[in-house]
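Let me begin by presenting the structure, written as structure tokens, before commenting on it.
The values are calculated or read from the model by the stated rules, or taken from the named source; none is laboratory data. All values derive from a computational prediction rather than experimental measurement. In this analysis, Cβ positions are derived from the backbone assuming ideal geometry, glycine residues included, and neighbour counts consider all displayed protein chains.
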Ligand code: OAD
């Protein structure tokens, strides 16, 4: 509805009294940690073709190539640390009576910053899933040896535990996200281009149920016209100011 460079008083007040707050994050919150985003001038999808690297068909065709790309990304993420935006959201989680963090990110930086039990819509780059026995396991080895990695339980081939294009989100995880969006008094949308569904639809679920929608992004997005407030600027700038201002 309107763009701001500071949280306006009506939104500050709403957040201050909110019982239930949910926050949806995207690649933009990790940009200041050095994790590449997907879209935009430096985005991964400018240099790589998603259909060759992030679909089940690509993996069936050439698991080695897909794993090499994920191994490279795991190496990049391993060198990154949570930034002030991640830390502020972890702090908000302690202050708000009922707080849920929903993320599209697979980098695990929210957990590393101290957020408990984030809803990871698109999976986690530090988890693998066995094509043989289906077991999901944590795996932090980087670089991975052998590549593709094999299941320590059954010897089957592992895949990244990530939702690829053309795949459905885990219905239980999506259901939980939709539930907390629908219950939220304030729904914040941070650092996402709001073009990938069903994640992009969560703000609409929240708005239909009366939530105040606060967006934080360095630029306007397709959500901006429907948000109550869009704060323009980096998440690592705005989120600590909000938390300090309200609960510091
Ligand atoms: P995108 O790369 O599409 O969008 C990143 C957004 O972050 C853009 O709107 C930027 O303007 C914004 N941004 C960049 N730096 C920022 C900063 N410092 N502070 C605030 N905002 C900033 O990433 P997502 O929206 O997360 O899917 O992409 C959604 C999904 O598409 C991803 O989860 C991924 C991808 O294909 C999977 O991996 C399954």
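Structure values in brief
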| read-out | value |
| --- | --- |
| Pairs where the first residue, in the range 25-54, is on the phi > 0 side of the Ramachandran plot and the second is at pLDDT below 95 and more than 6 Å from the ligand (Cβ to nearest atom), C-beta under 8 Å, 6+ apart | 40/46 |
| Considering residues of the range 188-223 that are more than 9 Å from the ligand (Cβ to nearest atom) and part of a helix (DSSP H, G or I) only, the residue farthest from residue 41 (Cα to Cα) | 208 |
| Of all residues in the range 5-51 being in contact with a strand residue (DSSP E or B) (Cβ under 8 Å, 6 or more places away or on another chain), part of a loop (DSSP other than H, G, I, E, B) and closer than 25 Å to residue 94 by Cβ, the one that is farthest from the ligand (Cβ to nearest atom) | 19 |
| Residue satisfying condition, being within 27 Å of residue 39 (Cα to Cα) and more than 13 Å from the ligand (Cβ to nearest atom), within set 175, 166 | 175 |
| Qualifying positions in the range 168-181 - out of contact with any helix residue (DSSP H, G or I) (no Cβ under 6 Å at 6 or more places or on another chain) and surrounded by fewer than 20 Cβ atoms within 10 Å (Cβ to Cβ) | 168, 169, 170, 171, 172, 173, 174, 175, 176, 179 |
| Of the criteria (1) within 19 Å of residue 26 (Cβ to Cβ); (2) in contact (Cβ under 8 Å) with a residue 40 or more places away in the chain; (3) under 17 Å from the mean Cα position of the chain (by Cα), which one residue 78 fails | (1) |
| Residues of the range 52-64 satisfying the condition of being surrounded by 14 or more Cβ atoms within 10 Å (Cβ to Cβ) and in a helix (DSSP H, G or I) | 52, 53, 58, 59, 63 |
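Here is a yes/no grid of residues against (1) free of Cβ contacts under 8 Å to residues at least 60 places away in the same chain; (2) more than 27 Å from residue 93 (Cα to Cα); (3) surrounded by 19 or more Cβ atoms within 10 Å (Cβ to Cβ); (4) assigned by TED's automatic domain parsing to the domain that holds residue 10:
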{"position": "115", "(1), (2), (3), (4)": "yes, no, yes, yes"}
{"position": "144", "(1), (2), (3), (4)": "no, yes, no, no"}
{"position": "152", "(1), (2), (3), (4)": "yes, yes, no, no"}
{"position": "158", "(1), (2), (3), (4)": "yes, yes, yes, no"}
{"position": "183", "(1), (2), (3), (4)": "no, no, no, yes"}
{"position": "199", "(1), (2), (3), (4)": "no, no, yes, yes"}
{"position": "206", "(1), (2), (3), (4)": "no, no, yes, yes"}
{"position": "213", "(1), (2), (3), (4)": "yes, no, yes, yes"}
